[in-house]
Structure formats: C-alpha cells, structure tokens
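Have a look at the structure below before the remarks.
The values are calculated or read from the model by the stated rules, or taken from the named source; none is laboratory data. Quick caveat: nothing in here was measured; it's all calculated off a predicted structure. Here the Cβ positions follow ideal geometry from the backbone for every residue, glycine too, while neighbour counts run over all protein chains shown.
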Ligand code: BT5
C-alpha cells in the first residue's frame, strides 16, 4: 500500500488546527524541510521515507520506508515549550507500559532504548516540529552502532501498531497541549515535562560536564551541581551515571 492509502482513514476533529491539512508523501528529503517551505498553521507533512532525515546539530535520522512514522507539524509563530509539548504528546500516545520515559531534553525511550526523536526548527516566524517514531523495525534494521541504543514500538511491545493510528493519537494530544501553550500555559506544560524527565538529584554527564542535577529550571535547562560550582546546561546529549 502506498503511504497515501495507509493514512487516508485518519480522522481528526473538524475543529482541530493541527492536521487541518495533511500532506502525505511516499518519499521526501526531510518532512521538516518541506513543512518549513510550505503550508499553513497546523499543516502536517508525513512521509513513508526520508532520504535526508535530520536530527539536532546536522545529525542523520534514519527513516526507512515502511518502518516508522516520520512527520512534521508547521505552526505559526514561535511557541515556547513546543518540544516539551511534543515529548508529552508522544509519550501519551504510546502509553502502553510504565517503561516509556522522556529522556531530557527530547527523546522518548522504551526500555531505555530510543524509539523517538524530536526536532523543532524555526524560520521567519514559523515553527516546525519534526517527530520521528520507530514503529516496526527489528534490531537488524539499525546499523550496528545503534542497535544497543535504538529500538521500535513493535519490537519492544509486540502487538500490532498502525502508523496512522499513532499519528492520529499524537496529533490529538499535541492539539491539546499546543492550544494550552498558545493560551499561556507554558508553566504547566513545562512542569509536566520536567516531572516526566525525572532527573532531580540524579547523577548525570552532559557533553563533558558531570554532576548531580539540582533541578530543571524554568526554561527547561539543567542546573547541575559540579565540583567547580553550579553549571547550566541548555541542551546536549545527557547520560545518567549509575554510580559516581
Ligand atoms: C533527534 O535528533 O533525535 C531528532 C530526530 C527528528 C527526526 C524527525 S523525523 C521527521 C522530521 N524530519 C526530519 O528531517 N527530522 C524530523 P538527535 O537527538 O540529534 O539524535 C540523532 C541521533 O539519533 C543520530 O546521530 C543517531 O545516533 C540516532 N538515530 C538516528 N536515527 C535513529 C532512529 N531512527 N532511531 C533511533 N535513533 C536514531
């Protein structure tokens, strides 16, 4: 079935802003690039495969055909807290087991393996939220160096997963939280996301800085107590340190 057929039955409330237009593609370089270039407020772009899917800092996001849900949401304006809302929306859409976790700042892990990455980009007053969710991959679909770190919903949970249902569910959760953000509820979204990150008091290492997390501050940055004082870390690749 082409991607067009698979996503045809998507049903979202008529009043929803997010998903008021859904562009379904078989292949594209990156759904984020497409959504940055065209669309209106709430346009969703989903592609069966991406030939140049990207992560943060120009990293590559593997987006094989038939294996995952690769999509972007275009939104008018700069929306503070958008990636927090996105992480909560994906977690709530998956919500099959207690071992679904948000890893600061914006990965979703199942059984400690990454099943979803989120990339927000901004240009000319437009925000684009890109979400990649691994749905069907078996471990050998990932390159060797990723096998211990990445997985898919199907592999971790078994059962049947539909990319269309998953998209519908993420968009429904996202609609609610983006509308909350637009009505000024940044603090409550940030608090829910920070609670879900569950880092207070944890020993961590982020890009060469090691210490104990005092808190996730109002902007979402980590305040880390280190031997040389408190350091603020806005983003980076964080690992929990089991024993110091
Ligand atoms: C992210 O970056 O995790 C954000 C990924 C966002 C992807 C979506 S898909 C739709 C939209 N269109 C795009 O072009 N992008 C967005 P980062 O935290 O930098 O993680 C990237 C790293 O994750 C890579 O360097 C790999 O180590 C690993 N990785 C790559 N592909 C992966 C995959 N499919 N599953 C798990 N890990 C992966």
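One residue alone among 141, 218, 203 is in contact with a strand residue (DSSP E or B) (Cβ under 9 Å, 6 or more places away or on another chain), away from the ligand (no atom under 13 Å from the Cβ) and more than 20 Å from residue 32 (Cβ to Cβ), and that residue is 203.
Filter the stretch 57-67 down to the residues that are within 7 Å of the ligand (Cβ to nearest atom), at pLDDT 95 or above and not in a strand (DSSP E or B), then identify the one that is farthest from residue 167 (Cα to Cα). Across the stretch 57-67, the extreme among qualifying residues is 59.
Among residues that are more than 8 Å from the ligand (Cβ to nearest atom), modelled with pLDDT of 95 or more and surrounded by fewer than 24 Cβ atoms within 10 Å (Cβ to Cβ), residue 43 is included.
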